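See structure below.
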Amino acid sequence: MASFFRFIVSKVFFLNLFIALLLIAGGLYATLSYLEDFTLHGKRIEVPNLVGKNVEDLDSLLANGEFTQQVADSVFQKDVAGGRVLEQDPKAGYQVKQGRKIYLTVASYEPVKIEMPNLEGLSLRQATSLMETFGLSVGKLTYQPDVCTNCILEMQIEGKDLEEGSRLAKGSAIDLVVGRGLSNELTSVPYLIELKVEMAADLLKSKYLNVGSMIYDQSVENGEDSAAALVYRYTPFYSEEPSVPMGSSVDLFLTVDTNRIDHTVNPQDSI
């Protein structure tokens, strides 16, 4: 026991202890340095802009290993070449850690094809709901006398009859022939002043009516402006009581000049 106490107070013991502590400290420093470099703790880099680039070129653009990319979704757009990046997450300019994966939405080379569901015999409301689940939209409504009021009689696209199971592009607008009963049934015209075309079209379809002509005034100079245009007049005009046959078309007059919009009078009176 006495020899043990003499050892722990000897220079040899303190020298060995110092060397051991030095090795431990060095090992901890090296480990922490490695982990900091590996995780890039506190270091962030800017996300590059990949939108508009071809997905096939991204491997070379990201070859430095700062980022990886993954296609998360593909969407068909008529005016965009297949393979072009439409969206990215995270967006360009964000500060993120090196090695972050960038998720991409890419333009597909051709539209997704789906099988046409059978709508015959369904009510217009049921058919509209079913079409939405398939990624289709309601096109023109045509009414004809039939014992079943508001039942789907035929499905058409570009004037041609569609059969159940027909292959067509997702997003297609399907024209429907609808029964109106055995009488010339009328419907009311909704109030459309200051609505955009999309909302006006939805309201008209809810009343079994179609969008007719769309007439833009001089304030609408280009296609970008037309998307923001509002209805300032339409014909036939609003009526609470049924006044026009189902399937009729309503012509829309559109403007981006809000001074032309007047909710207090019948716009047809000011023609």
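The values are calculated or read from the model by the stated rules, or taken from the named source; none is laboratory data. Quick caveat: nothing in here was measured; it's all calculated off a predicted structure. Cβ sites come from the backbone with ideal geometry, for glycine too, and all protein chains shown count toward neighbours. With ligands, DNA and RNA removed, areas are computed over all heavy atoms of the protein, side chains included. Shrake-Rupley method; radii C 1.70, N 1.55, O 1.52, S 1.80 Å.
Each of 141, 187, 162 was placed along the dipole of region 127-268 (beta-carbon charges, centred on the mean Cα), and the one lying farthest toward the positive end is 162. For region 119-271, the relative contact order is 23 percent, taking Cα pairs closer than 8 Å that sit 6 or more residues apart in sequence and dividing their mean separation by the residue count.
Region 49-103 and region 127-154 have their alpha-carbon centroids 40 Å apart.
Given the convex hull over the Cα atoms of region 48-126, what projected area results after averaging over all orientations, in nm²? Walk me through the intermediate numbers first.
On the way: hull surface 30.5 nm².
If you wrap the Cα atoms of region 48-126 in a convex hull and average its projections, you get 7.6 nm².
Using a probe radius of 1.4 angstrom, the carbon and sulfur fraction of the accessible surface of region 82-123 is 45%. The share of alpha-carbon pairs in region 95-163 lying farther apart than 17 Å comes to 58%. Fully extending the segment from residue 63 to residue 18 would add 11.5 nm, taking 0.36 nm per residue of separation and subtracting the current Cα-Cα distance.
Dipole size in debye (nearest 20) for the chain around its Cα centre, Lys and Arg Cβ +1, Asp and Glu Cβ -1?
Working: 23 positive and 36 negative charges, 396 e Å.
Dipole of the chain, to the nearest 20 debye: 1900 debye.
Grab the other residues whose beta carbon is less than 12 angstrom from that of residue 245, score K and R as +1, D and E as -1, and report the net. Net local charge, residue 245 excluded: +1.
Of all beta bridges that DSSP places with both ends in the chain, some 60 percent have antiparallel geometry.
Under the convention that each Lys and Arg Cβ holds +1 and each Asp and Glu Cβ holds -1, the size of the dipole of region 77-128 around its Cα centre is about 400 debye. Going through [x] 118; [y] 134; [z] 290, the figure that equals volume of the Cα convex hull per residue in Å³ as computed for the structure here is [z].
Note on region 215-262: dipole from Cβ charges, positive end direction compared against 228, 218, 239; the farthest Cα belongs to 239.
Taking the accessible area of region 148-188, probe 1.4 Å, and keeping the other protein chains in place, the carbon and sulfur fraction comes to 43%. Once R0 is set to 22 Å, what does the formula 1/(1 + (r/R0)^6) return for the Cβ-Cβ distance between residue 168 and residue 108, expressed as a FRET efficiency to the nearest 0.05? Here the calculated transfer efficiency is 0.90. Kirkwood Rh over alpha-carbon pairs of region 145-262, then Stokes-Einstein at 10 °C and 1.306 mPa s: what D in µm² s⁻¹, rounded to an integer? In µm²/s, the coefficient rounds to 100. Relative contact order, whole percent, for the chain stands at 13, derived from Cα pairs under 8 Å and 6 or more residues apart. Between the amide H of residue 239 and those of 189, distances stay under 5 Å, these residues lying 5 or more places away or on another chain, with hydrogens modeled in the peptide plane. Its Cα centre serving as origin, region 77-207 has a Cβ charge dipole (Lys and Arg +1, Asp and Glu -1) of approximately 800 debye. Residues within the reach of a label modelled at residue 146 (point 7 angstrom out along Cα to beta-carbon, backbone nitrogen below 11 Å), restricted to region 168-192, are 176-181.
Can you give the accessible area per residue of the chain, in Å², using a 1.4 Å probe? Before the final figure, lay out the partial values.
Values: 17130 Å² over 271 residues.
For the chain, the per-residue accessible area is 63 Å².
Per-residue extension of 0.36 nm, minus the Cα-Cα distance of residue 243 and residue 260, leaves a gain of 3.5 nm for this segment. Cross-link pairs exceeding 28 Å between alpha carbons, from the set 78/140; 113/207; 160/196: 113/207; 160/196.
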